[in-house]
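Any read-out appearing in this document is the output of simple, stated calculations on the displayed coordinates, not a laboratory observation. Everything numeric in this text was worked out from a predicted model, so none of it was measured. Ideal geometry is used to build each Cβ from the backbone, glycine not excepted, and the neighbour counts take in all protein chains shown.
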Amino acid sequence: MKKYLYFIFFLLVYNVNAQVDDSDEKVSISKNKIEIPGYIKLDFGFTFLENADASLDTDLFPSRSLNLYYSKPFFIGDNFSINPGIGISNDRLSFSNDVILSEETNADGINNIIIDTLDFTPEKNSLKSTYLILPLNFKYYFGAGKYDKGRFFIGIGGEIGLHLNSSTKVKQKINNRVNHTKIKKDFGVNDFKYGVSLSIGVGNFNLYYKKYLSNLFEDSSLPQHITKNPTVNKIGITFSLF
């Protein structure tokens, strides 16, 4: 969450500086409206795996995705826009089985990723990964009006992401007390992700579907006894914060 706040703070500072001209005129900021050359957007959705081993089955609703990013539309005419952006993505996969990703060192001193079977049924067992993302969307608008003000649109696009960190979390109750175990490692998660997206919406609100073409794990770091390297899909909504 701190990363999100730093990101927003940077944009606000940039916006204030942009309002100061060469003659050092007094900066004027509206109390009720923040003016920036673009939008701060939030993607909220659900993450699910495709082509995954049965041991990595996930539950849809606890497997949530949250993206916070800045996007600036560039219009070519009144009906078509190119929308680059930059931001942070958090993806969580909540496992259906009583398993968790773990790391062990073999007799040769080599670290291996394993799917560790828990000896209890957890209330929560998940893998969360954070990425720096660069989304790019192309939108075509329909109906009367100018630019993106309340108009229906269809969009296609893509996204690339740089893996920043990952962590696992196990939640269980012991003697009626909730216990959390969190381990921060990369767990063999792919250093890069890339995929395509489809969106449909009105103005600055839309539904989206994202399909990542990259695998979840590095091929060289696939968990032991797993024969399939899954890919990630997402469904959700996007709206502008301001």
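Can you give the net charge of the other residues whose Cβ lies under 10 Å from the Cβ of LEU127, counting K and R as +1 and D and E as -1?
Result for the local shell: +2.
When the chain is treated as a GNM, springs tying every alpha-carbon pair under 10 Å, which of GLY195, GLY38, GLY109 comes out with the largest mean-square fluctuation?
GLY109
Compute the length gained on full extension between LEU134 and ASP57: take 0.36 nm times their separation in residues and subtract their Cα-Cα distance, giving the result in nm to one decimal.
Numbers: separation 77, 0.36 × 77 = 27.72 nm, distance 2.83 nm.
So the chain would gain 24.9 nm between LEU134 and ASP57.
For a quick check, take a GNM of the chain with Cα springs below 10 Å and name the residue from VAL232, VAL202, VAL189 with the largest mean-square fluctuation.
VAL202
Report ³J(HN,Hα) in whole Hz for each residue of the range 176-182, in order, from the Karplus equation J = 6.51 cos²θ - 1.76 cosθ + 1.60 where θ = phi - 60°; Gly and Pro get x.
Once rounded to whole Hz, the list reads 6, 10, 7, 10, 10, 10, 10.
In degrees from 0 to 90, rounded to the nearest 10, what is the angle of the helix 2-18 Cα long axis to the longest principal axis of the chain?
Long axis of 2-18 versus the principal axis of the chain: about 20 degrees.
Just flag the chymotrypsin sites (Phe, Trp or Tyr not before Pro) in the range 48-124 sitting in loop per DSSP whose Cβ has no more than 13 other Cβ atoms within 10 Å. Write out the running numbers ahead of the final one.
Numbers: sites: PHE48, TYR69, TYR70, PHE74, PHE75, PHE80, PHE95, PHE120; in loops: PHE120.
Passing both the DSSP loop test and the Cβ count: PHE120.
Under a Cβ-only charge scheme (Lys and Arg +1, Asp and Glu -1), can you give me the dipole magnitude of the chain about the Cα centre, in debye to the nearest 20?
Working: 27 positive and 25 negative charges, 199 e Å.
Here the size comes out at about 960 debye.
Between the range 44-67 and the range 89-166, how far is it from one alpha carbon centroid to the other, in angstrom?
8 Å
Tell me, which longest segment in the chain has none of the GluC sites (Glu not before Pro) that fall in DSSP loops with at most 15 further Cβ atoms within 10 Å?
Values: sites that count: GLU25, GLU35, GLU123.
Result, exposed sites excluded: 124-242.
Between ASN79 and PHE205, what's the calculated FRET efficiency when r is the beta-carbon distance and R0 is 22 Å? Round to 0.05. Please list the in-between numbers first.
Numbers: r = 18 Å, r/R0 = 0.84.
Given R0 = 22 Å and the Cβ-Cβ separation, E is 0.75.
Suppose R0 equals 25 Å; then what is the FRET efficiency for ILE235 and LYS72 from their Cβ-Cβ distance, rounded to the nearest 0.05?
Working: r = 25 Å, r/R0 = 1.00.
After rounding, the FRET efficiency stands at 0.50.
Going through the range 83-166, which trypsin sites (Lys or Arg not before Pro) have at most 12 other Cβ atoms within 10 Å and a DSSP loop state? Each step should come with its number before you reach the end.
Details: sites: ARG92, LYS124, LYS128, LYS139, LYS146, LYS149, ARG151; in loops: LYS146, LYS149, ARG151.
Sparse-neighbourhood loop trypsin sites (Lys or Arg not before Pro): LYS146, LYS149.
Once you wrap a convex hull around the alpha carbon atoms of the chain, what is its projected area averaged over all directions, in nm²? Working shown, then result.
Values: hull surface 72.2 nm².
Spelled out: convex hull of the Cα atoms, projected over all directions, averaged, 18.0 nm².
Which pairs, out of LYS149/LYS193; LYS182/LYS210; LYS124/LYS182; LYS41/LYS128, put more than 23 Å between their alpha-carbon atoms? Could you put the intermediate results ahead of the total?
Values: LYS149/LYS193 32 Å; LYS182/LYS210 28 Å; LYS124/LYS182 11 Å; LYS41/LYS128 21 Å.
Result: LYS149/LYS193; LYS182/LYS210 exceed 23 Å.
Using the Cβ atoms and a cut-off under 11 Å, what net charge is assigned to the surroundings of ALA144, where Lys and Arg are +1 and Asp and Glu are -1? Kindly include the intermediate steps, with their values, before the conclusion.
Working: positive: LYS146, LYS149, ARG151; negative: ASP78.
Neighbour charge sum, excluding ALA144 itself: +2.
Of ASN83, TYR39, VAL99, whose Cα points farthest to the positive end of the dipole of the chain (charges on the beta-carbon: +1 Lys, Arg; -1 Asp, Glu; origin at the Cα centre)?
The one lying farthest along the dipole's positive direction is TYR39.
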